[in-house]
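Derivation of every value follows stated rules applied to the coordinates shown; laboratory data play no part. Only a predicted model underlies this, so the values are computations on that prediction, with no experimental measurement involved. All Cβ positions, even for glycine, are placed from backbone atoms using ideal geometry, and neighbour counts span all protein chains on display.
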Amino acid sequence: AAPAGGAAPSLATVYWALGNLSRGGDTQAAPFLEALGRGGAFAPLAHLQACVAGGVAAGVPGAEARLGVASEICWLLTYLTAREPEAVEALLGAGLCDALVAALGVVVNTPQATRELFGLATPALRTCGNVLAGPDAWAPGVLRNSAGLDFAQVLTWALGLAGAAATNALALEALWVVGNLCLLRAPETAPALFAELTRPGGALAACVAMVAFSDAVLRFGAAALTKEALGALRNLAANPAAPPDLLGALVAGAGDGGRDFTAALTERLRRRGDVEELHICVFLLGFCMEKVPGAIGWAAEDGYAEPLDDLHYDSRLPPELTRETGRLAELVYAYEEEQDEQVFDPTEESFTFQAAQPGVAFDFSGGGGGGGFGGPNAPPPAPTPSP
């Protein structure tokens, strides 16, 4: 029976054990759905809804026990929604999204939420991300939930917690969700979604700021957070359903017309992260050199060609990466040469300088690390839940 008043502490242990049983990569979700769905309702969702309705915030009698149960259920759901699509569709039909969004709403609307409440929001967001990584037809369940919660605002709230040790796991989940949202292409979903994500101070602006000013705005976990933010922006740039000028406008508003953002990308090339991160930074740097006014001039003035050349001649890197870095370095060199050319005008007593117009067509559809630019990111590693 659902724990309407006070949840038995042992129920959290039951769901913790079920979560451990279901988390193996080869484990099928169907047996869990069959065993836990006898009697019509899917027991974990019924328990989750009852726990949230009974109250999980501090100060409510029985809240601590209910919060423990709800958190373990959400971790179980993260594993079940990462399995066969038929199982996810069955869970969607059983009210998965409404239950998750209701749990998130409690955390978002609780002033001075505790670490334990953040521990509920983290797997709830992970499960939403699993749904959003699937077919576009699954997305409305999260985005147009019956609870009336503005999901884009939930993401903005979670990203505002980035850089603190107690909330970095939650911010990482939010970034992963944003990355999956940036791949949506359904015409009935994508336009309104991108409008919501690009509101002033919204989730995508937060991603750009994390890249441009990571050392200043992130106290803890800057490397992991920035990498997830880069992945989200890469997905946005590669999505043909996104407004074509959207990312360029976001970058241009990030600081010094976008120069801070491109400088941060170049610095990450100098630091030599993993190959996937190098792919993403090179891809975004090339995008900026095409789409952001003045970017190729900054590349010449700030010495971007040197780290690009270093990568181009590194035989340890994948050929597609060395080719692209070589191409971008040549663009910078060509720009510098054109700026240095002196054009003599016989009607004047002095030389004049002719501004260069690069006019280069860019193709950013090339491959990258991981699964390429067309598929969802791999989610951040899940903490091991404990009873």
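Tabulated results
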| quantity | calculated |
| --- | --- |
| C-alpha center-to-center spacing [the range 25-48, the range 215-279] in angstrom | 40 |
| Theoretical gain in end-to-end length, Asp340 to Glu290 [0.36 nm per residue, Cα-Cα removed] | 15.9 nm |
| FRET efficiency, Ala17 to Arg115 (Cβ-Cβ, R0 25 Å, nearest 0.05) | 0.60 |
| Alpha-carbon centroid distance for the pair the range 158-209 / the range 98-153, whole angstrom | 13 |
| Nitroxide proxy distance, nm - points 7 Å out along Cα→Cβ at Tyr333 and Ala35 | 6.4 |
| Distance (nanometres) between label positions extended 7 Å along Cα→Cβ at Ala137 and Arg272 | 4.8 |
| q = 0.13, 0.14, 0.22 Å⁻¹: log10 I(q)/I(0) that the Debye formula gives for the range 150-241, counting C-alpha atoms only | -0.37, -0.43, -1.03 |
| Computed E for Ala43/Arg199 - FRET, C-beta separation, R0 35 angstrom, nearest 0.05 | 0.35 |
| Size of electric dipole in the range 1-119: Cβ of Lys, Arg +1 and of Asp, Glu -1, about Cα centre, debye, nearest 20 | 260 |
